[in-house]
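Everything on this sheet refers to the single structure shown next.
A short reminder: the numbers here are calculations on the coordinates, not readings from a lab. All figures in this text were calculated on a predicted structure; none of them were measured in a lab. Neighbour counts run over all protein chains shown; Cβ positions are idealised from the backbone, glycine included.
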Amino acid sequence: MMNNSISPRLLPLEGSYNLRDMGGYPAADGRTVRHGMLYRSGIMSMLTEADEAHLGTLGIATVCDLRQGSERRKEPTRWCEPAGVLYWSRDYEETSGVMSELMRDHVVNGARMREIMIDLYCEIPIDHGPSYRFLFERLLGGHLPLLFNCSAGKDRTGVAAALILGALGVERDVIYEDYLLTNVLADHNVLIDRFGDQIRQFREAGDVVAPLMAADVDYLNAMFDTLDRDHGGFDGYLAAIGVDAAAKARLRDLLLI
């Protein structure tokens, strides 16, 4: 759950997890990201009926669920169909970003878990490239507002948010600011409880759990370094998933004021 007194980005919801508005960030050409157009979130299975009714009033046109099928079945998103929202997901075998999978192998200490997380962020752009391509297709098609989510709302979702904000011309330090809000706004104990024994057994091993649950600048740096090394840079990766210079200009017209 989240404390709505902490950040004006949070929606007035009782059962949300890391669900927030990405508007208000300074972007290209002195413009600003529009409020009420982009939302990022973790699981939405804890939403109350009142929460779901509120989300239904926001005019959200698209929800892109970045989770694996098993995650979606365990923590389903129920509010989209009654609200008439297009709900999109993708079945895939890759496990990058799936927290329960990260804990299947014995992790001896926090340092090793941190290494695993850094490696994970090198894999996410490739493993989830098809999902990010579809997300940008919906944005470019004007199917807005748009919400995207995963389980914790920080890894697969964090990379997606960084890609979108970067495409909008948001500076890197502001992208980090948005990414690191997870550390302030998300109650990780709630998520650990819902993920079951595979993760809950590590609750006492705080040095192992902390790197798993954290948003860490070094994680996002690893992702950016991978784009530089393997994809000709940030813009090269965007172009590979269908976001060229013309597409970026359209995104900015749609999402900036």
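Site pair R78 and E123 shows an inter-label distance of 3.3 nm when each label is modelled 7 Å from Cα along Cα→Cβ.
Rg then Dmax, both in Å and based on the Cα atoms of region 20-255: 17.2, 50.
Peptides 121-128, 146-153, 84-91: what's the order by average Cβ count within 10 Å, highest mean first?
Values: 121-128: 19.5, 146-153: 26.4, 84-91: 14.8.
With the highest mean Cβ count within 10 Å placed first, the list reads 146-153, 121-128, 84-91.
Just flag the GluC sites (Glu not before Pro) in region 1-63 sitting in loop per DSSP whose Cβ has no more than 15 other Cβ atoms within 10 Å. Write down the numbers at each step before the final one.
Details: sites: E14, E49, E52; in loops: E14.
The qualifying sites are E14.
So in the chain, what percent of DSSP beta bridges are antiparallel if you round to the nearest 5? Kindly include the intermediate steps, with their values, before the conclusion.
Values: 5 of 17 bridges.
Around 30 percent antiparallel, to the nearest 5.
Given +1 at the Cβ of Lys and Arg, -1 at the Cβ of Asp and Glu and no other charges, the dipole of region 20-255 around its Cα centre is 540 debye to the nearest 20. Projecting the Cα positions of A222, F148, L251 onto the charge dipole of the chain (unit charges on Cβ atoms of Lys, Arg, Asp and Glu, taken about the Cα centre) puts L251 furthest along the positive direction. Loop-resident trypsin sites (Lys or Arg not before Pro) (DSSP state other than H, G, I, E or B) in region 28-85 with no more than 14 further Cβ atoms inside 10 Å of their Cβ: R78.
How much length is gained if the chain between A249 and N221 is pulled fully straight, taking 0.36 nm per residue apart and subtracting their Cα-Cα distance, in nm to one decimal?
Values: separation 28, 0.36 × 28 = 10.08 nm, distance 2.52 nm.
This chain segment gains 7.6 nm when fully extended.
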